[in-house]
Each structure stands twice: as structure tokens, then as C-alpha cells.
Amino acid sequence: MNLYAPIIGLLALTAGFMAISIMISTVLGPHRKNKAKYEVYECGVEGTPQPLDGGRIPIKYYITAMLFIVFDIEIVFLYPWAVSYNSMGFFAVVEMILFIATVFIAYIYVLRRGGLNWE
């Protein structure tokens, strides 16, 4: 149990800070209600009402978010590999080269299809 004491202490400290921050913000924060506070706001684009039968939704924000997720996942796999590089053999090097090549090919595909062009 002594090994988990710092983790439990940090979780308790975090929970306490969170609770105190929420209480202070509700007590000291402004309580002004206005129409703009309740308006829909997404990525700096003014919200427009969608027709009932659907409509075209610009997906460039979502594609960019998916690209960030892909490259974040790449970093998640590269960091532990770099840390334990000396203890791994040649097989791990080949696997990482294949992984990086696959992600690079996907990047080239997105680049050629115009996924990174903002109009």
C-alpha cells in the first residue's frame, strides 16, 4: 500500500483542487445571462440552421482533427520505442520503419488529395 500512497495523495489533491475551483467560480463568477452565451459556437463559424432533410456540412475541420489524431497516435508509438531502443533487436527497427513508412504514405495521400488545403 505504501507504493500507492503518492498516487492516492495526488488524486485526492487533484479532486480537492477541482472541487474548490468549481465552488469558487460559482460564487465569485459573473451571473449575467445574455443571448450570446447560449448561442451555438463552433470554430469561429457562425451557426446556421440546418434544413430538416439534412444538408451539406463542411468536413474540413473534422478531417484536420483526424489528421492530428493520426499523428498523435504515431507519436504515442514512437516515444516508447525510442526510450527502449537499445533493448530491442533488429526486428523492432524493421517494424518501426514499416510503421513510419505507412504513416508517411498516408500523409502523401492526404497531401495529394488536397486534405491540407484551406480554401
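The values are calculated or read from the model by the stated rules, or taken from the named source; none is laboratory data. Please read these numbers as outputs of a predicted model, since none were measured by experiment. So basically every Cβ, Gly included, is an ideal-geometry build from the backbone, and we count neighbours across all protein chains shown. For the accessible areas, the whole protein counts, side chains as well, though only heavy atoms, and no ligand, DNA or RNA atoms are used. Shrake-Rupley method; radii C 1.70, N 1.55, O 1.52, S 1.80 Å.
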(request) Estimate the FRET efficiency between residue 22 and residue 78 by the formula 1/(1 + (r/R0)^6), using the beta-carbon distance for r and 41 Å for R0, to the nearest 0.05. (result) 0.65
(request) Could you check the simple spin-label distance between residue 90 and residue 60, using points 7 Å along Cα→Cβ, in nm with one decimal? (result) 4.8
(message) With every protein chain left in place and a probe of 1.4 Å, what is the accessible surface of residue 83, to the nearest 10 Å²?
(response) 100
(request) Could you calculate the contour length gain from residue 8 to residue 36, that is, 0.36 nm times the residue separation minus the distance between their Cα atoms, to one decimal place in nm? (result) 6.0 nm
